[in-house]
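Here, each number is a calculation from the coordinates, and none is a lab measurement. Being a predicted model, the structure only gives us computed values, none of them experimental. For neighbour counting, all protein chains shown are included, and Cβ atoms are generated from backbone atoms with ideal geometry for every residue, glycine included.
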Amino acid sequence: MLGFGSDNHSAIHPELMQAIQKCNVEHAPSYGTDEQTELANSAFKKLFGPQTKTYFVFNGTACNVLALKSMMKTHESVLCSTVSHLNMDECGAPEFFAGKLLTLPHTHGKISLETLKSALIRKGDQHYSQPRVVSLTQPTELGTCYSLAEIKAIVDWAHSENLFVHIDGARLANAVHYLKTTFKEMTTDLGVDIVSFGGTKNGLMMGEAILVLNPNLANDLKYIRKQAAQLPSKTRFIAAQFNTYLSTELYKKISAHSCDKAERLHSKLKDISGVELTAPRQSNAVFVKIPQPWIKILRENFFFYVWDETTFECRLMTTWDTTENQIDAFTDLVQSLALK
């Protein structure tokens with residue numbers, strides 16, 4: 001059954017499965033010393049800049065927390081949104097591995113520069129966890145995107161205060177698509193220090209990549225990754241997927257498809273009586289309040305998550321294999337419930 005639960009729920013994209021199968025021959029060196037890893041590293045350098053250092057890990061939690069650990073000490077803290085994945089969905093892993101989270105209010109998932117400035121307090125106070133990292137999610141958990149100007153302003157301020165900037169980019173290609181920009185223009189050119197680059201939500205079987213854009217932060221990550229049990233032995237099977245995803249520009253096709261289908265879903269829902277769209281559609285997520293009696297009926301046919309159990313705000317996610325027929329069938333069912 002196709003649904004709108006998560007882009008984690010989809011099958012592996014056929015071109016990425018083919019990439020795995022293609023390198024599933026003979027023997028290859030382990031721990032990232034193979035040809036596929038070299039090709040993937042080169043692909044990341046081409047898109048993010050020649051200084052980029054890439055570290056492959058198995059999952060998104062590791063990608064985020066090990067990136068943070070490379071930037072901070074345990075007595076230091078991360079400024080992030082209250083709805084960030086770091087805060088809501090990592091089971092305390094950031095604080096277990098890296099340091100304290102200082103969560104901040106948001107507008108549609110985004111933290112403003114003014115909010116960040118107001119949170120930078122008690123510098124040098126030994127009783128207070130010292131801020132060291134600003135973590136932005138792009139796109140946010142609510143599917144919105146920071147503009148390039150917003151990122152630039154936050155990075156410039158952060159660096160002026162001796163803070164690093166991390167981007168949680170589980171769906172980074174979708175932000176590139178929406179903003180009509182490039183990976184490099186949105187990260188390296190703006191001074192971002194480290195990016196958690198998503199794979200699993202973008203059609204890969206598994207695998208994420210920590211991208212170190214600030215050369216001063218690259219030295220310790222290989223040890224941190226190994227110590228955290230995240231160094232893949234057969235790295236080639238993760239790297240081959242990323243190489244295909246990037247070098248063939250598959251990321252453009254997947255992000256365009258996912259975002260276009262989300263726009264279709266958003267447009268078809270907006271005029272249905274009883275339905276309330278709650279956030280701008282800037283990625284592959286649609287947030288909508290649905291009357292509670294409808295939800296069980298809809299989820300029997302199309303699985304999705306209720307984002308807020310108190311308001312019945314729901315999150316609908318599209319992915320590389322979402323079809324127009326799927327969207328039309330869902331919105332037709334919503335419309336039929338509205339007419340009862």
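Tabulate in residue order the Karplus-calculated ³J(HN,Hα) for region 303-314, using 6.51 cos²θ - 1.76 cosθ + 1.60 with θ = phi - 60°, rounded to whole Hz; enter x for Gly and Pro.
Rounded to whole hertz, the list is 5, 7, 9, 7, 6, 10, 5, 7, 10, 6, 6, 10.
Could you order peptides 146-159, 172-185, 191-204 by the average number of other Cβ atoms within 10 Å of their residues, highest first?
For the peptides 146-159, 172-185, 191-204, the packing ranking is 191-204, 172-185, 146-159.
Among the listed pairs K53/K110; K53/K73; K201/K296, give every one whose C-alpha distance is greater than 23 Å.
Those over the limit are K53/K110; K201/K296.
Which value in deg cm²/dmol, rounded to the nearest 500, describes the helix-derived mean residue ellipticity at 222 nm for the chain, given -39,500 (n - 2.57) per DSSP H run of n ≥ 4 and division by the residue count?
-12000 deg cm²/dmol
Kindly flag which residue pairs out of K22/K222; K226/K253; K69/K180; K45/K100; K46/K180 have an alpha-carbon separation exceeding 25 Å in this structure.
Correct reply: K22/K222; K226/K253; K69/K180; K45/K100.
Which of the following values of P(r) over Cα pairs in 10 Å bins from 0, in percent was calculated from the structure shown: (i) 5, 16, 21, 21, 16, 10, 6, 3, 1, 0, 0; (ii) 6, 26, 32, 24, 11, 2, 0; (iii) 5, 20, 23, 20, 17, 11, 4, 0?
Answer by label: (ii).
Can you tell me, using C-alpha contacts under 8 Å and at least 6 residues apart, the relative contact order of the chain as a whole percent?
RCO, the chain: 26 percent.
In whole Hz and in residue order, list the ³J(HN,Hα) couplings for region 247-260 that follow from phi through the Karplus curve 6.51 cos²θ - 1.76 cosθ + 1.60, θ = phi - 60°; x for Gly and Pro.
The phi angles translate into 6, 8, 6, 4, 4, 5, 5, 5, 5, 5, 5, 4, 6, 5 Hz.
So if R0 is 22 Å, what FRET efficiency would V306 and M206 give, r being the distance between their Cβ atoms, rounded to the nearest 0.05?
FRET efficiency, V306 to M206: 0.25.
Would you please give the residues with an amide H less than 5 Å from that of L277, counting only those at least 5 places away or on a separate chain, with H modeled from the backbone geometry?
Residues meeting the criterion, in which the H sits 1.01 Å from N, are K289.
Between A329 and L148, 0.36 nm times their residue separation minus their Cα-Cα distance comes to what?
Gain in length upon complete extension: 61.5 nm.
So, with +1 on the Cβ of K and R and -1 on the Cβ of D and E, and no other charges, what is the size of the charge dipole of region 251-338 about its Cα centre, to the nearest 20 debye?
220 debye
Please give every one of the aspartates and glutamates within straight-line cross-link reach of K123, meaning a C-alpha to C-alpha distance under 12 Å, and leave out same-chain neighbours fewer than 8 residues apart.
E76, E161
What are the residues whose amide H is under 5 Å from the amide H of T137, where those residues sit 5 or more places off or on another chain and H is modelled from the backbone?
D168
Out of P291, I254, Q326, whose Cα points farthest toward the positive end of the dipole of region 251-338 (charges: +1 Lys, Arg; -1 Asp, Glu; placed on Cβ)?
After comparing all options, I get I254.
Please list the equivalent ellipsoid semi-axes of region 143-251, computed as the square roots of five times the alpha-carbon gyration tensor eigenvalues, in descending order and whole angstrom.
24, 20, 10
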